[in-house]
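Asker: One structure is given below, represented as structure tokens, and several questions about it will come after.
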Number of protein chains: 2
Amino acid sequence: MGITDRKEREKLEMRRLIMDAAMDMFVKDGYEKTSIRNIADKIEYSPATIYLYYKDKDELLWGLQTEAFEKLANVFREGITAIEPIQQLRQMAKLYVEFGMGNPDLYDLMFIIRSPMNAEKNEEWKSGSSAFQFLMNIIQAAIDKLKYENVMIGALSCWSMVHGLVSLNVRGRCKVLEVPEDKVQDMLQIAVDQYIDNITR
Amino acid sequence: MGITDRKEREKLEMRRLIMDAAMDMFVKDGYEKTSIRNIADKIEYSPATIYLYYKDKDELLWGLQTEAFEKLANVFREGITAIEPIQQLRQMAKLYVEFGMGNPDLYDLMFIIRSPMNAEKNEEWKSGSSAFQFLMNIIQAAIDKLKYENVMIGALSCWSMVHGLVSLNVRGRCKVLEVPEDKVQDMLQIAVDQYIDNITR
DNA sequence: CAAACTTACTGAACGGTGTTCATAATTTAA
DNA sequence: TTAAATTATGAACACCGTTCAGTAAGTTTG
């Protein structure tokens, strides 16, 4: 039955149409402007139609999040060129911070916003998991040269450090430093480098 | 003129009434349930009345944030008993994490939510600043025993570490660890302790 | 004391949000 | 061609923050 196949295809195309419009708006106009109604407007469908393809907004955001993680994965794939694990860790940390500072809305979606973490609880946040696994692998490979005793706690610590720096910045808490914007950016990189210095034996 | 004084008093009382109701709801029911309309309901006034005492919701949240910082300051005042600066840092970090994990909604307000950071930009986030200053003082006092070269970068690093741990948790990103809830809590403390070990000479 | 003025408060509305559902339009099957 | 199934939507619901004309209360003045 070819019709069923076409229907299947059309369903996927519609989902793509919605996803792409949503991602566009998200990257260009940020989270706040990305409402179901606005997305519907953009693709010239009724808001109700979107609900035929996505259960609710959370599910849609969860889809966006997954794509955002693919973006970050690509950044890592292309940017981590070193062979030496410690160097890899350095590159990874730098790329992470750059990604976060350069795509604050996507970063929000991936690591800060509460919403999409509620959708499909049993999908286990697969996209995020694999990024974390990637970090764990690097730390595992470098464990002899690191002061960490436990790979998972090490990975968590690394991640927390860079996430802490990025998220405090993204959410405007670095005002307390009373230091100009670009100076803060430098401080972040210094802090990251210093951190890796401190955890290497 | 006694009347003007009374009016002044009544104005302050009304602001307190609103603040208290808002704080109550925030702590008890979280951010989402705390709407202007709900607060108005609780204090048995019209929503419009609240706007006679607070310019907008941001200003109200900013007030809540300030009070939350006072709470945290009290936690520090009572909980930091050590004399030795490194020990003080240890205590502070522990208290910070406990506070964040124990009061996730307040933590949100103080360090994650975007809203109240827009209100009154020139007030310079005084409440947050003094908490950071407090951290800087401790690090300054311990600088000889720390691997930091710069007090501010050191303080930023410390803060980022604990904030990273807490905020990843509060926002449900620690699911990737695939480890039970209480185990994560332990890992946090280990990570914090380890971090302080790593930055001490 | 009554009238004029000032202040405090509110109901109703505006434009926005996510979401649902009966109904209409279209496509497929008989 | 007609009946059945799918797909799309308009209108509504219940929220949200916010504004503003109008009312009610308190204060000052004649």
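Asker: Within the stretch B:1-53, track down each residue that is closer than 12 Å to residue B:64 by Cα and among the charged types (D, E, K, R).
Answerer: First, the residues of the stretch B:1-53 that are closer than 12 Å to residue B:64 by Cα: B:15-16, B:18-27, B:31, B:34.
Once the filter is applied, which keeps residues that are closer than 12 Å to residue B:64 by Cα and among the charged types (D, E, K, R), the stretch B:1-53 yields B:15, B:16, B:20, B:24.
Asker: While we're here: Assess whether residue B:5 counts as being without any contact (Cβ under 8 Å) to a residue 12 or more places away in the chain and farther than 27 Å from residue B:172 by Cα.
Answerer: Numbers: without any contact (Cβ under 8 Å) to a residue 12 or more places away in the chain: yes; farther than 27 Å from residue B:172 by Cα: yes.
Spelling it out, residue B:5 is indeed without any contact (Cβ under 8 Å) to a residue 12 or more places away in the chain and farther than 27 Å from residue B:172 by Cα.
Asker: Turning to a different aspect of this structure: Taking the options B:175, B:183, name whichever one is surrounded by fewer than 24 Cβ atoms within 10 Å (Cβ to Cβ), facing chain A (nearest Cβ under 9 Å) and in a helix (DSSP H, G or I).
Answerer: On the way: B:183 fails: facing chain A (nearest Cβ under 9 Å).
After ruling out the rest, the residue left standing is B:175.
Asker: Out of B:21, B:40, I need the residue that is without any contact (Cβ under 8 Å) to a residue 24 or more places away in the chain, touching a Pro at 6+ places or on another chain (Cβ under 8 Å) and part of a helix (DSSP H, G or I). Which one? Outline the logic, then answer.
Answerer: Details: B:21 fails: touching a Pro at 6+ places or on another chain (Cβ under 8 Å).
When all the criteria are applied, what remains is B:40.
Asker: Here's something else I'd like to know. Which residues, taken from the stretch A:135-172, are in a loop (DSSP other than H, G, I, E, B), buried (at least 17 other Cβ atoms within 10 Å of the Cβ), over 20 Å from the mean Cα position of the chain (by Cα) and within 8 Å of chain B (Cβ to nearest Cβ)?
Answerer: Filtering the stretch A:135-172 down to residues in a loop (DSSP other than H, G, I, E, B) leaves A:142, A:147-150, A:171-172.
Of the ones still in play, those that are also buried (at least 17 other Cβ atoms within 10 Å of the Cβ) are A:142, A:148, A:171.
After this cut, where a residue has to be over 20 Å from the mean Cα position of the chain (by Cα) as well, the list is A:142, A:148.
A:148, the sole residue that qualifies.
Asker: Give the residues of the stretch A:59-69 that are touching a helix residue (DSSP H, G or I) at 6+ places or on another chain (Cβ under 7 Å) and among the acidic types (Asp, Glu), sorted by residue number.
Answerer: A:67
Asker: Checking residue A:46 against (1) more than 15 Å from DNA strand C (Cβ to nearest atom); (2) outside the structural domain of residue A:164 (by TED's automatic domain parsing), only one condition comes out false. Which one?
Answerer: (1)
Let's see how each residue does on (1) surrounded by 13 or more Cβ atoms within 10 Å (Cβ to Cβ); (2) in contact with a Lys or Arg (Cβ under 7 Å, 6 or more places away or on another chain):
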residue	(1), (2)
B:44	no, no
B:56	yes, no
B:67	yes, no
B:80	yes, no
B:86	yes, yes
B:90	yes, no
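Asker: Given the residues A:89, A:72, A:17, A:95, which is the only one that is touching a Cys at 6+ places or on another chain (Cβ under 9 Å) and away from DNA strand C (no atom under 16 Å from the Cβ)?
Answerer: Numbers: A:72 fails: touching a Cys at 6+ places or on another chain (Cβ under 9 Å); A:17 fails: touching a Cys at 6+ places or on another chain (Cβ under 9 Å); A:95 fails: touching a Cys at 6+ places or on another chain (Cβ under 9 Å).
Step by step, each of A:89, A:72, A:17, A:95 is checked, and only A:89 is touching a Cys at 6+ places or on another chain (Cβ under 9 Å) and away from DNA strand C (no atom under 16 Å from the Cβ).
Residue by residue, here is whether (1) among the hydrophobic types (A, V, I, L, M, F, W, C); (2) within 16 Å of DNA strand D (Cβ to nearest atom); (3) within 26 Å of residue A:192 (Cα to Cα) holds:
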site: A:52; (1), (2), (3): yes, yes, no
site: A:55; (1), (2), (3): no, yes, no
site: A:58; (1), (2), (3): no, no, no
site: A:74; (1), (2), (3): no, no, yes
site: A:82; (1), (2), (3): yes, no, yes
site: A:97; (1), (2), (3): yes, no, yes
site: A:101; (1), (2), (3): yes, no, yes
site: A:133; (1), (2), (3): no, no, yes
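Asker: Another question, then. Do the conditions hold for residue B:107, that is, is it out of contact with any Pro (no Cβ under 7 Å at 6 or more places or on another chain), more than 16 Å from DNA strand C (Cβ to nearest atom) and under 24 Å from residue B:197 (Cα atoms)? Spell out the reasoning first.
Answerer: Details: out of contact with any Pro (no Cβ under 7 Å at 6 or more places or on another chain): yes; more than 16 Å from DNA strand C (Cβ to nearest atom): yes; under 24 Å from residue B:197 (Cα atoms): no.
No; evaluated as a whole, the condition is false for this residue.
Asker: Sticking with this one: List pairs: first residue in the stretch B:183-201 and among the hydroxyl-bearing types (Ser, Thr, Tyr), second residue outside any helix (DSSP H, G or I) anywhere in the structure, Cβ distance under 7 angstrom, at least six positions apart or on different chains.
Answerer: B:200/B:146
Asker: Let me ask something additional. Yes or no: the stretch A:100-116 includes at least one residue that is at the interface with chain B (Cβ under 7 Å from one of its Cβ atoms), outside any helix (DSSP H, G or I), free of Cβ contacts under 8 Å to residues at least 12 places away in the same chain and not polar (S, T, N, Q).
Answerer: First, the residues of the stretch A:100-116 that are at the interface with chain B (Cβ under 7 Å from one of its Cβ atoms): A:111-112, A:114.
Pick out the ones that are also outside any helix (DSSP H, G or I) and you get A:114.
Those still in the list that are free of Cβ contacts under 8 Å to residues at least 12 places away in the same chain too: A:114.
Then keep just the ones that are not polar (S, T, N, Q); that gives A:114.
Among the residues of the stretch A:100-116, at least one is at the interface with chain B (Cβ under 7 Å from one of its Cβ atoms), outside any helix (DSSP H, G or I), free of Cβ contacts under 8 Å to residues at least 12 places away in the same chain and not polar (S, T, N, Q), which makes the answer yes.
Asker: Restricting to the stretch B:186-201, give me the number of residues that are at the interface with chain A (Cβ under 7 Å from one of its Cβ atoms) and modelled with pLDDT under 95.
Answerer: Here the count works out to 0.
The rows are residues; the columns are (1) touching a helix residue (DSSP H, G or I) at 6+ places or on another chain (Cβ under 8 Å); (2) hydrophobic (A, V, I, L, M, F, W, C).
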| position | (1), (2) |
| --- | --- |
| B:8 | no, no |
| B:13 | no, no |
| B:26 | yes, yes |
| B:29 | no, no |
| B:76 | yes, yes |
| B:82 | yes, yes |
| B:85 | yes, no |
| B:90 | yes, no |
| B:103 | yes, no |
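Asker: Within the stretch A:48-89, track down each residue that is in contact (Cβ under 8 Å) with a residue 40 or more places away in the chain, farther than 17 Å from residue A:110 by Cβ and part of a helix (DSSP H, G or I).
Answerer: Scanning the stretch A:48-89 gives A:85, A:86, A:88, A:89.
Asker: So which residues in the stretch A:117-134 are modelled with pLDDT of 95 or more and more than 10 Å from every other protein chain (Cβ to nearest Cβ), if there are any at all?
Answerer: Matches in the stretch A:117-134: A:134 only.
Asker: Please find, among A:59, A:32, A:10, the residue that is within 9 Å of DNA strand C (Cβ to nearest atom), out of contact with any Ser or Thr (no Cβ under 6 Å at 6 or more places or on another chain) and within 14 Å of chain B (Cβ to nearest Cβ). It would help to see each step written out before you state the result.
Answerer: On the way: A:59 fails: within 14 Å of chain B (Cβ to nearest Cβ); A:10 fails: within 14 Å of chain B (Cβ to nearest Cβ).
Checking each option against the conditions leaves just A:32.
The values are calculated or read from the model by the stated rules, or taken from the named source; none is laboratory data. Quick caveat, the model's predicted, so the values are computed rather than measured. Glycine gets a Cβ as well: all are built from the backbone with ideal geometry, and neighbour counts include every protein chain shown.
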